[in-house]
Amino acid sequence: YRHFRGRVTQAGVEDPGSRFVALTDPGTPLSRESAESGFRAVIETPANVGGRFSVLAPFGIAPMALSGLDASGVLEAALRQRAASTPEVPIATNPSIGLGVVLGALAGAGRTKVTFLTSPSVRRLEDWLEQLIAESTGKDGQGIVPIIGEPARPTDDYEADRVFVRIALEGESQPDLDARLASLETAGHPVIRLELPDKAAIGAEFYRWELAVAAASALLGVNPFDEPDVADAKRRALEQLAVPAAADADPVAADGGLELFVDDESELAGNGVGDRIRRWVDETSAADYVAILAYFGASEPRNELASRLRDIVGQRTGAATTFGYGPRYLHSTGQLHKGGLPGGSFLVLTADEPEDIEVPGEQYGLAQLRLAQATGDAEALRDRGRRVVRINLGWFVDEALQTLSQVLAKPDGAAGD
């Protein structure tokens, strides 16, 4: 907000506050700022509804309406789902609580990786589901790990820790995916199929999954409505901004445009970046997961490069893989990473920035802030016993991602890194 308010002011716009709309809980600093600065509107949201559960509150509905989408149809679908999901409806036929009981029971039996296979028309629903599941269930040493966008593997390569969820619009035909799901079922993996009659029915899915995740959390014995470990990463980022030691740290190895950082060099014995990072990846258990956390600008080519990297890591380890852009993931999977099931390997990827965009009123810019968020979260993960390594990709991110994939595609002990 400060950055864009500064841009509007510099452009000479009269009454710059009128160019902003606030959605916020009553009595927040943003609420006070919006009143003092003359925002065009302030839309108050329910103070007792957490962010990830607020998609059917003004937080979700107002942007939906402003985007020209059918907000009324979405809400009507959600109301129909609520009527079908009351406590009086038996669990076996309850479309929301029944799903939660299934997910919670499967997680209790060790199937803690929920892998989504959605059709292209509703694929962005996965991003919301990722946050809802991870931040709600991932605490007190428990959790369900949402897996979205993972490259396909042969059926025999999956561990017995998976649940597969297929979400599609009615009438969409994907014969190859249907054959894959049938193969997974034959191999003994649970497969859940959900079909939407139309796009507005996404409102029913919002309601279904919010109630289901709350029910699954109850079975796991955790409170789905708090996020006790999120604030720790924020605090550490602020400390990094005050004393930016990470920017001055020396890598334990550097070659091929890659710089490798780790707190304790003895944890990554080896020669060069390639040898060290391969050994680090190979020490991941197949029953665990590898999270690749990227602190650089997103683009479709980079998404494809990240998918290639996930594929290689998955082949090397047999483990589930996730990918997220920072700092977004801090409020989606970040709680799960720090408070969820023990284990997990975390590969943090940073990059050099061509310029540091000013934040009006602060002594730091956005590039410095992003590095502080990356290193602060890595520090929080290490303090919880997680395996963490950071690789800086330098100025040429795409080329460095290709190099990293090539390095990891080599066998352990390979020369020429």
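In region 36-62, how many residues are without any contact (Cβ under 8 Å) to a residue 24 or more places away in the chain, assigned to a helix (DSSP H, G or I) and either of a type in the set (Lys, Arg) or open to solvent by 30 Å² or more (accessible area, probe 1.4 Å) (or both)?
The number of residues fulfilling the criteria is 1.
Listed residues 352, 412, 377; which is among the charged types (D, E, K, R), within 25 Å of residue 305 (Cβ to Cβ) and in a helix (DSSP H, G or I)?
Within the list 352, 412, 377, the selection yields 377.
Sort through 32, 52, 40, 19 and tell me the only one that's touching an Asp or Glu at 6+ places or on another chain (Cβ under 7 Å) and of a type in the set (D, E, K, R).
Answer to the selection: 52.
With assigned to a helix (DSSP H, G or I), surrounded by fewer than 14 Cβ atoms within 10 Å (Cβ to Cβ) and of a type in the set (Ser, Thr, Tyr) as the only criterion, which of 86, 9 stands out?
Exactly one of 86, 9 is assigned to a helix (DSSP H, G or I), surrounded by fewer than 14 Cβ atoms within 10 Å (Cβ to Cβ) and of a type in the set (Ser, Thr, Tyr), namely 9.
Determine which member of the set 402, 335, 363 is open to solvent by 10 Å² or more (accessible area, probe 1.4 Å), of a type in the set (S, T, N, Q) and part of a helix (DSSP H, G or I).
402
State which residue is nearest to the chain's Cα centre (by Cα) when the search covers only region 89-117 and only residues that are free of Cβ contacts under 8 Å to residues at least 40 places away in the same chain and either open to solvent by 20 Å² or more (accessible area, probe 1.4 Å) or within 26 Å of residue 64 (Cβ to Cβ) (or both).
Looking at residues that are free of Cβ contacts under 8 Å to residues at least 40 places away in the same chain and either open to solvent by 20 Å² or more (accessible area, probe 1.4 Å) or within 26 Å of residue 64 (Cβ to Cβ) (or both), I get 109.
Regarding residue 221, is this residue out of contact with any Pro (no Cβ under 8 Å at 6 or more places or on another chain), exposed (fewer than 15 other Cβ atoms within 10 Å of the Cβ) and at pLDDT 95 or above?
Considered against the rule, which asks whether it is out of contact with any Pro (no Cβ under 8 Å at 6 or more places or on another chain), exposed (fewer than 15 other Cβ atoms within 10 Å of the Cβ) and at pLDDT 95 or above, residue 221 comes out as yes.
Pick from 374, 378: which is in contact with a Ser or Thr (Cβ under 8 Å, 6 or more places away or on another chain) and either within 26 Å of residue 278 (Cβ to Cβ) or not acidic (Asp, Glu) (or both)?
None of the other options fit; the residue is 374.
Being modelled with pLDDT of 95 or more, under 23 Å from residue 141 (Cα atoms) and either open to solvent by 10 Å² or more (accessible area, probe 1.4 Å) or touching a Phe, Trp or Tyr at 6+ places or on another chain (Cβ under 7 Å) (or both) narrows it down to one of 306, 294, 214, 287, so name that one.
214
Among the residues of region 67-81, are any under 24 Å from residue 331 (Cβ atoms) and either outside any helix (DSSP H, G or I) or open to solvent by 60 Å² or more (accessible area, probe 1.4 Å) (or both)?
yes
With the condition kept exactly as written, say whether any residue in region 240-252 is polar (S, T, N, Q), more than 30 Å from residue 75 (Cβ to Cβ) and either surrounded by fewer than 14 Cβ atoms within 10 Å (Cβ to Cβ) or under 24 Å from the mean Cα position of the chain (by Cα) (or both).
Looking through region 240-252, at least one residue is polar (S, T, N, Q), more than 30 Å from residue 75 (Cβ to Cβ) and either surrounded by fewer than 14 Cβ atoms within 10 Å (Cβ to Cβ) or under 24 Å from the mean Cα position of the chain (by Cα) (or both).
Among (1) in contact with a Pro (Cβ under 8 Å, 6 or more places away or on another chain); (2) open to solvent by 50 Å² or more (accessible area, probe 1.4 Å); (3) modelled with pLDDT of 95 or more, which single condition is residue 315 missing?
Condition not satisfied by residue 315: (1).
Can you name the number of the only condition in (1) assigned to a helix (DSSP H, G or I); (2) closer than 21 Å to residue 178 by Cα that residue 102 fails?
(2)
Can you tell me which residues in region 118-130 are in contact (Cβ under 8 Å) with a residue 60 or more places away in the chain and surrounded by fewer than 22 Cβ atoms within 10 Å (Cβ to Cβ)?
121, 122, 125, 127, 128
The values are calculated or read from the model by the stated rules, or taken from the named source; none is laboratory data. Given the structure is predicted, the values throughout are model-derived calculations rather than measurements. Positions of Cβ are generated from backbone atoms using ideal geometry, with glycine treated the same way; all protein chains shown enter the neighbour counts. What goes into the accessible areas is simple: the full protein's heavy atoms, side chains included, and nothing from ligands, DNA or RNA. Shrake-Rupley method; radii C 1.70, N 1.55, O 1.52, S 1.80 Å.
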